[in-house]
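Taking it in order: structure first as C-alpha cells, then the write-up.
The values are calculated or read from the model by the stated rules, or taken from the named source; none is laboratory data. Predicted, not measured: the structure shown is a model, and the values here were computed from it. Here Cβ is always computed from backbone atoms with ideal geometry, including for glycine, and neighbour counts include all displayed protein chains.
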Amino acid sequence: MWGGGSSSSSSAKKAQSGPAQEMVQVGTSTFWRGRSPQSTPQRDGAYKPPPEATKVVGASYSYTDMLNFENTPSRPRTPVPKHKSNPSGGGHSPINAAASYNAFMSQTDDDWGLDIDDPTLKKNNPSVTGGLGSMASMAGVTSIEGRPPGAKGSKGAFEYPSTKKRTKGLKAQFEGLVRDPGNSLHMIYHPPINTDVHSSAEIEAMNARISRINKFKTVLQASTVDLTKLRSLAWGGIPDELRPMAWQLLLGYLPANSERRVATLERKRKEYLDSAKQAFSRGESGMDQTIWHQISIDIPRTNPHIPLYGHKTTQRCLEKILYVWAIRHPASGYVQGINDLVTPFWQVFLSAYIDGEVESFDPGSLPSEVLDVVSADCFWCLTKLLDGIQDNYIHSQPGIQRQVSQLRDLVRRIDSGLAKHLNDVQVQFIQFSFRWMNCMLMREFSVKNVIRMWDTYMSEGNSGFSEFHLYVCAAFLVKWSAELKKMDFQEVMMFLQSLPTKEWGEKDIGLLLSEAFMWQSLFRNSSAHLRDDGTTVHNEELNL
C-alpha cells in the first residue's frame, strides 16, 4: 500500500487539546445499555423505529454481527434484517463471562432486531427506503416511492442539495486547489505577531508553528517529494493546512513527482465519478439492496454529535463512497465499521477547501465540483487504507481475530498483573478489543484525535494500521491498569465501553503514540512475540 520503511526518530510529541468523541455503549447485557429510538438522529426519509423498539441498529454496534459466519457457505455482504424476540419479555440477557468467542458474538448480535425490511412496513411507510431516493436523485433518478405512477427514473448529472458557488466559507482559490493540492503550500496564513498584544509564550508558540510548517513546505515543494523525510516529519503530527496533501502522498494516492499530479488526479477522480454514476443511474433495481440497506442505516448514526455529519450533503456523499467501495470489493462487501474509517478523510479533505471549523460546516453550500473531488479523494484514500488491512473485513475477519490474540499476548508481556486480573474476573479480550481493531479506536476518541493518530499511522508505512495500531491498543489498555485491577467483570466491561477520554487532546494522543512506539521498539523483533497465526493462544481462550 505505502512505499518505504517507517521512521522512528521522533519520540516526544506536543499537541493542542481537542474535544473527545462521544462513546457508544451496546445494549445486550447488564453492563451495556441501548440507545432509545428518540435519541438517534434521523435523516429526511430515513426509517424511524416504532416507540416500542429499544434496540439500536447500525453503526453503533459495528462489531456485533461480523464474525458469526460459521454456518454460511460463502461470505455474505450484509445480512438481511431478521426480527428477534426477547423471551424474557424485554430485559437484556447478561453475557456469560466465560462464554466462547462464537457464543459471545451470538449473544451480542442484536443489530437486526427491528423489522426494517418487513413488507408491511414498506407498504405503509414509504420512508422505510431510507436514503435511497436521495441517493438516486444524485444520479438524476427520482425516488421509487416518490415518483408519480408510471414515471421512470431519468439519468443525469449528480446533484447536491443547496449547492451554491463562492458562498461564505469557501476559499476563493478553490479552483487551484482542485487542480493541484500543491497550491495549498502558497495559501497558508500566518497571523501577525504583535509584541504589544501577544505574550512571550504565545509568540514562542507561533514561531514554533511557523518553523514546523516551513519544514514541511521544504519537503512538499520539491519536484519529487522525499517520502522518507515526509514520514519522519509526519510522525509527530502534521499541520492542519498541509495534512490533506501530506496524507495523499503518504498513502500513495498523490504521486511524489509533481509533474504527474494533475493528470493522475484527473484520471482517478473521473474513474470514481464514472463508477458512482453507473452504480446509481439504474435506480433501485440496479442496486445491491443488502449492501445499500446497511449503509443507509449506518450513515445517519455516524458521529451524530458532530454537526457536519448531520447534514444531508455529507450523508449522501458518504453513502456514495461506501456503496461504490463495497461493489468494487465483493470479497468483503460493506462491513459495519468501515463507515467510521471514511470520516477522518472526509474532514481532512473537506478542510482544504473551506475557511473555519470543518466540524460545524454545512457542505451543502459548496459547488458540486468541490464535493466531487473531495468524495473521489476520500474514496481512493479509503481504498488505500483498507487494502492494507483487508483481512479484517473478509469472511470470518481473520485479521481482527489474530490481532485480538496478539493484543492479549502483548499485554501479558507488558503488564502480567493486569492480564492475570482480567483472566481472574473472566474478561476475554474479544469482549472489548474487537471494536478497537474493527473501528481503529474511533469510538474511543474524537475524530480530531483520531486524525492526529493517523498522521503517525501513515508515517509508519505499510504496518501503521495493523501492527503499530496493535501497540497503540496495548499502551491504551495498560494506561488504565491501576483502575482495572480494582474492578470485577461488570465494572471492567462498563469502564472499557466508556473510557474517560472525553477531555483528551493532541498532547495525550502524542504521549500514547510515544508509549506505543516504545513497546514496539522493545518487542517488535522478539521471536516469540506477535506470532503469525496466533492459533495456540487464540483457540485456547476463545474455544474455537
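Structure notes:
- Helices (runs of 4 or more DSSP H) completely within the stretch 409-464 that count 2 or more residues being more than 30 Å from residue 378 (Cβ to Cβ), of a type in the set (Ser, Thr, Tyr) and touching a Cys at 6+ places or on another chain (Cβ under 7 Å): none
- Residue 254 vs. criteria under 23 Å from residue 460 (Cα atoms), touching a Lys or Arg at 6+ places or on another chain (Cβ under 8 Å) and part of a helix (DSSP H, G or I): no
- Count of the stretch 314-337 residues, restricted to those that are under 16 Å from residue 377 (Cα atoms) and either among the β-branched types (Val, Ile, Thr) or in contact with a Ser or Thr (Cβ under 6 Å, 6 or more places away or on another chain) (or both), is 5.
- Search result, residues across the stretch 165-188 that are in contact (Cβ under 8 Å) with a residue 12 or more places away in the chain, of a type outside the set (D, E, K, R) and assigned to a loop (DSSP other than H, G, I, E, B): 167, 169, 173, 187, 188
- All positions within the stretch 199-225 that are over 21 Å from residue 262 (Cβ atoms) and among the basic types (Lys, Arg): 209, 212, 215
- Tally of residues being part of a loop (DSSP other than H, G, I, E, B) and either under 11 Å from residue 456 (Cβ atoms) or touching a strand residue (DSSP E or B) at 6+ places or on another chain (Cβ under 9 Å) (or both) across the stretch 231-248: 4
- Of everything in the stretch 330-343 that is modelled with pLDDT of 95 or more, surrounded by fewer than 24 Cβ atoms within 10 Å (Cβ to Cβ) and not charged (D, E, K, R), the residue that is farthest from residue 389 (Cα to Cα) is 343.
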